[in-house]
Amino acid sequence: MPLPARRTLYSLFLIVLMAALAACSSLRLAYNNGDTLLYWWIDGYVDLTSEQKSVVKEDIDKLFHWHRKTQLNDYTQILQTAQRQLAAGATQADLQTDFDDIKTRTEALLLKATPQLAELVRSLQPDQIATLERKFAANNADFRKKNMRGDREAQQRFRYKKSMEQFELWFGNFSSEQEAAIRQASDARPLNNEIWLDERTRRQNNILAAVRKVQSEKLSQEATETLIRGLIKDGFQRLETSERKAFFDSYEAANLQLVLTVIKLATPAQKAHAQRRMQGWIDDFRTLAADQR
């Protein structure tokens, strides 16, 4: 799914990501294995050396310890707010506030990891940077294959199906009448996968340029951290300041309207399904936050 579509569905959080990782298992199991998943994700991008592996594992452990102690209780508050909004009838303004909150928290998480990212970037070798470049190219090929296959109707259908996977995670199954209304709201969103691919490529090129600059100029830890913080902030500010702002704004508004459409269409039983799922995750987050391992 294009980035803004995923971002809006973050609006009930990184929880969705963790639930997807967990598949049929529990949120607690997914989170408790998150350090391993993150390690393998990083290794898949740069093919870590044996020396880097031990450092990266230690850094990930520290990041998860900080996250467990300082962030998980906030997640329960986000979910409790979502429960109240669902019961009272969420508005588009509610969803916008939720999304902005999640975006702020996500940026804070990335900034927290900046020193560790800088340390890793400074240790990368030319062959690892080449591996990173190939990984980006493979990801872009996969994006084209999934999101840009066929005509406009085919691309809209794929986007709708990916959205429905997330909505069904929350609300359970939908009737054919509900699905038709959701499809209509999904198709009302602007569709321009060329823009999303161009934005992906732009971010990747910026990352590669930064990594090569660190290597060629042998930047200090402090200078590398400054460079990485700039990349992170640019990634979040880009949607607000670029020449494509009007398109991004209209896409975000349409995404919020799609989520609002689903909430309004949901039956009492479907809303109860969502409430139970959120309560289960609230309970899981409380348990995880209490675990000081």
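The values are calculated or read from the model by the stated rules, or taken from the named source; none is laboratory data. All figures in this text were calculated on a predicted structure; none of them were measured in a lab. Because the Cβ atoms are built from the backbone with ideal geometry, glycine has one as well, and the counts that use them run over all protein chains shown. Heads up: the accessible areas ignore ligands, DNA and RNA and are worked out on the full protein's heavy atoms, side chains in. Shrake-Rupley method; radii C 1.70, N 1.55, O 1.52, S 1.80 Å.
Tabulated data for the structure shown
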quantity	calculated
Residue tally, condition open to solvent by 40 Å² or more (accessible area, probe 1.4 Å) and under 25 Å from Ala108 (Cα atoms), over segment 75-94	6
Every residue from segment 1-55 that is at pLDDT below 50 and outside any helix (DSSP H, G or I)	Met1, Pro2, Phe13, Ala23, Cys24, Ser25
Residue, surrounded by the fewest Cβ atoms within 10 Å (Cβ to Cβ), within segment 95-129, restricted to residues that are among the polar types (S, T, N, Q) and in a helix (DSSP H, G or I)	Thr104
Cβ pairs under 7 Å, 6+ apart, first in segment 29-47 and closer than 9 Å to Ile60 by Cα, second of a type in the set (D, E, K, R)	Asp35/Asp61; Tyr39/Lys57
Number of positions in segment 239-252 that are part of a helix (DSSP H, G or I), surrounded by 15 or more Cβ atoms within 10 Å (Cβ to Cβ) and not aromatic (Phe, Trp, Tyr)	2
Members of segment 192-218 that are open to solvent by 30 Å² or more (accessible area, probe 1.4 Å), in contact with a helix residue (DSSP H, G or I) (Cβ under 9 Å, 6 or more places away or on another chain) and not hydroxyl-bearing (Ser, Thr, Tyr)	Asn192, Arg200, Arg202, Arg203, Asn205, Asn206, Ile207, Arg212, Lys213, Gln215, Glu217, Lys218
Number of the exception - Thr224 against (1) more than 22 Å from Thr106 (Cα to Cα); (2) open to solvent by less than 60 Å² (accessible area, probe 1.4 Å); (3) more than 20 Å from the chain's Cα centre (by Cα)	(1)
Subset of segment 145-187 [surrounded by 13 or more Cβ atoms within 10 Å (Cβ to Cβ), assigned to a loop (DSSP other than H, G, I, E, B) and either touching an Asp or Glu at 6+ places or on another chain (Cβ under 6 Å) or of a type in the set (Gly, Ala, Ser) (or both)]	Gly172
